[in-house]
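Below is one structure, written out as structure tokens; comments come after it.
The values are calculated or read from the model by the stated rules, or taken from the named source; none is laboratory data. Only a predicted model underlies this, so the values are computations on that prediction, with no experimental measurement involved. Don't worry about glycine lacking a Cβ; one is built from the backbone with ideal geometry, like all the others, and counts go over all protein chains shown. Quick note on the areas: whole protein, heavy atoms, side chains included, nothing else; ligands and nucleic acids left out. Shrake-Rupley method; radii C 1.70, N 1.55, O 1.52, S 1.80 Å.
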Amino acid sequence: MLLIVGEAIVAYQRDLGAGGTDTGQAFTGPWASGSPAIAAYVAARLGVDTRFVGGVGADEGGQVMRRAFERAGVGLEGLRVVPGLRTAVARITYRGGAHREFDFDVRGTAAGAVREADLSTLPE
């Protein structure tokens, strides 16, 4: 079994093209994201028995993360839904080529609310 502990982040993105000028273009999304969450998703899709431990809010972002994990077959015994806290968010702006900017909104979210007890239901 592969156990991954970390943040689950929903991502929104926009592509401003080669000129890179911000004309108020809206972000699209949300998509399931966060490096640990993506690793869990990919491993499960490859057939590895994978469990994810992390926190999400009782909001749309949390539902996006849960649905993505379920589609991939990730074990969610350790996914903690934290009432009163929102799911962490990343806003990604592409400005042509390989240049991108990230705006992370993680402070005060469910991403940091994982407790040692969240690991207790998992096998040794």
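Values as computed for the structure displayed
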{"quantity": "Tally, over the range 68-105, of residues that are of a type in the set (Gly, Ala, Ser), within 14 Å of the chain's Cα centre (by Cα) and not in a helix (DSSP H, G or I)", "calculated": "2"}
{"quantity": "Output for the range 68-82, where each listed residue is closer than 24 Å to Gln13 by Cβ and at pLDDT 95 or above", "calculated": "Ala68, Phe69, Glu70, Arg71, Ala72, Val74"}
{"quantity": "Residue in the range 56-67 that is closer than 14 Å to Ala32 by Cβ, modelled with pLDDT of 95 or more, assigned to a strand (DSSP E or B) and open to solvent by less than 20 Å² (accessible area, probe 1.4 Å) present", "calculated": "yes"}
{"quantity": "Candidates Thr93, Thr28, Thr87, Thr50 - the one that is of a type in the set (Ser, Thr, Tyr) and under 14 Å from Leu2 (Cβ atoms)", "calculated": "Thr50"}
{"quantity": "Residues that are surrounded by 12 or more Cβ atoms within 10 Å (Cβ to Cβ) and farther than 19 Å from Glu77 by Cβ, drawn from the range 18-44", "calculated": "Gly20, Gln25, Phe27, Gly29, Pro30, Trp31, Ser33, Ile38, Val42"}
{"quantity": "Filtered residues of the range 4-53 (kept if of a type in the set (A, V, I, L, M, F, W, C), in contact with a helix residue (DSSP H, G or I) (Cβ under 9 Å, 6 or more places away or on another chain) and under 24 Å from Leu85 (Cα atoms))", "calculated": "Ile4, Val5, Ala8, Ile9, Val10, Trp31, Ala32, Ala37, Ala40, Phe52, Val53"}
{"quantity": "Where a residue in the range 72-97 is free of Cβ contacts under 8 Å to residues at least 60 places away in the same chain and its partner, wherever it lies, is among the aromatic types (Phe, Trp, Tyr), with Cβ under 6 Å and at least six apart", "calculated": "Ala72/Tyr41; Val74/Phe52; Leu76/Phe69"}
{"quantity": "Selection within the range 106-123 - without any contact (Cβ under 8 Å) to a residue 60 or more places away in the chain and more than 17 Å from the chain's Cα centre (by Cα)", "calculated": "Arg115, Glu116, Ala117, Ser120, Thr121"}
{"quantity": "Subset tally (residues that are open to solvent by less than 70 Å² (accessible area, probe 1.4 Å) and either within 9 Å of the chain's Cα centre (by Cα) or among the charged types (D, E, K, R) (or both)) for the range 7-17", "calculated": "6"}
